[in-house]
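Data block below; observations after.
The values are calculated or read from the model by the stated rules, or taken from the named source; none is laboratory data. Quick caveat, the model's predicted, so the values are computed rather than measured. Glycine gets a Cβ as well: all are built from the backbone with ideal geometry, and neighbour counts include every protein chain shown. These area figures cover heavy atoms from the full protein model, side chains too; ligands, DNA and RNA do not enter into them. Shrake-Rupley method; radii C 1.70, N 1.55, O 1.52, S 1.80 Å.
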Amino acid sequence: MRCSYPRVNPDHHEEHTMKKLVLFEVRDRIALLTLNRPQKLNALNYQTNDRLLALLDRIEDDAAIHAVIITGAGDRAFSAGGDIHEFSQSIEAGTDIALKEFVRRGQAMTSRIENFTKPIIIAVNGIAFGGGCEITEAAHLAIASDRAVFAKPEINIGIPPTFGGTQRLPRLAGRKRALELLLTGDPFGPERAYELGLINKIVPHDDLLPEAFALADRILRHSPLAAARILTAVTRGLNTTISEGLQIEASQFARMAPTNDTKEALSAWITRRTPVYEGT
């Protein structure tokens, strides 16, 4: 489901600037998005947030793209979180403005990632603080460099997390372990992130992107429609009762069963050949 958040309508110069804020390329059915403010530790200013949302809209509409990898430019940071200088001005302008410009924009971005129907893999190449950590929490899968550092430091600037961190981290890590991180703001390494269920794997720094693409390739062997149905069933069912979740699971099966991809998968399995999926 696309976000209805009213985004910035840039002029030509601003549009050119926004394109530089998140780099976009496609490698064999996989979109690579790179947060590109390395001089600011890839902090998420409003234009970066809007550019990321616009690219996800574009990717969703492109049937040739089956998975997404998001990483950060440079060797220091995935993202240090929200741009404090920018959002502090929104807070100064009043609570209603801060909610609209900062909180709802950030929540729309992480919700878009969480509910995306193509697999999103985060490649955490360094610092993942605040909003950078919340993107990692929201994504379907994450791989971290052995140099990655995570933190929930919002308490240090007198606010709670605002991009979903008070909600997703307790669901991933458990209430008490999440609260320790949220209430102290203390940084933690990739081993702790793995233990908490925040990431899937830790790899040597230089192997990070190759490992992320390898994981995407393992997913791309299968039907993109089946992947979408699995993502939808898990995301929608996670916070429901088991009975409601089973109904969601059944509804996703009902959408998948009549497709050509399901028929192809069954035929290939019975005849012991490699399936060829068309996404229909």
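Contact map, the range 239-265: first residue over 10 Å from Ala226 (Cβ atoms), second residue open to solvent by 80 Å² or more (accessible area, probe 1.4 Å), Cβ cut-off under 7 Å, separation 6 or more or different chains; pairs are Ile248/Arg236; Asn260/Glu278; Glu264/Val276.
Screening the candidates Thr232, Thr240, Thr274 for the property of being assigned to a loop (DSSP other than H, G, I, E, B), open to solvent by less than 90 Å² (accessible area, probe 1.4 Å) and not aliphatic (A, V, I, L, M) yields one hit, Thr240. Taking the range 116-141 as the search range and keeping residues that are part of a loop (DSSP other than H, G, I, E, B) and touching a Gly at 6+ places or on another chain (Cβ under 6 Å), which one is nearest to Ala77 (Cα to Cα)? By that ranking, first place goes to Asn125. Among Ile113, Ile65, Ile59, Ile70, which is in contact with a strand residue (DSSP E or B) (Cβ under 9 Å, 6 or more places away or on another chain) and assigned to a loop (DSSP other than H, G, I, E, B)? Only one candidate passes the filter, namely Ile65. Residues of the range 45-56 that are assigned to a helix (DSSP H, G or I), open to solvent by 10 Å² or more (accessible area, probe 1.4 Å) and not aliphatic (A, V, I, L, M): Tyr46, Gln47, Arg51.
Under 20 Å from Gly165 (Cα atoms), open to solvent by less than 70 Å² (accessible area, probe 1.4 Å), modelled with pLDDT of 95 or more and not in a helix (DSSP H, G or I): does that describe Phe24? It is false that Phe24 is under 20 Å from Gly165 (Cα atoms), open to solvent by less than 70 Å² (accessible area, probe 1.4 Å), modelled with pLDDT of 95 or more and not in a helix (DSSP H, G or I).
Name the residues in the range 76-103 that are outside any helix (DSSP H, G or I) and either open to solvent by less than 60 Å² (accessible area, probe 1.4 Å) or without any contact (Cβ under 8 Å) to a residue 40 or more places away in the chain (or both), would you? Selection gives Ala77, Phe78, Ser79, Ala80, Gly81, Gly82, Asp83, Gly94.
Condition check ((1) under 17 Å from the mean Cα position of the chain (by Cα); (2) open to solvent by 60 Å² or more (accessible area, probe 1.4 Å); (3) under 28 Å from Asp28 (Cα atoms)) across all residues:
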{"position": "Ala128", "(1), (2), (3)": "yes, no, yes"}
{"position": "Leu181", "(1), (2), (3)": "no, no, no"}
{"position": "Glu191", "(1), (2), (3)": "no, yes, no"}
{"position": "Leu208", "(1), (2), (3)": "yes, no, yes"}
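From the list Ile248, Ile199, Ile242, the lone residue that is aliphatic (A, V, I, L, M) and in contact with a Gly (Cβ under 7 Å, 6 or more places away or on another chain) is Ile248.
Which of the residues that make up the range 211-229 are surrounded by 15 or more Cβ atoms within 10 Å (Cβ to Cβ) and out of contact with any helix residue (DSSP H, G or I) (no Cβ under 9 Å at 6 or more places or on another chain)? Answer for the range 211-229, where residues must be surrounded by 15 or more Cβ atoms within 10 Å (Cβ to Cβ) and out of contact with any helix residue (DSSP H, G or I) (no Cβ under 9 Å at 6 or more places or on another chain): Glu211, Ala212, Phe213, Leu215, Ala216.
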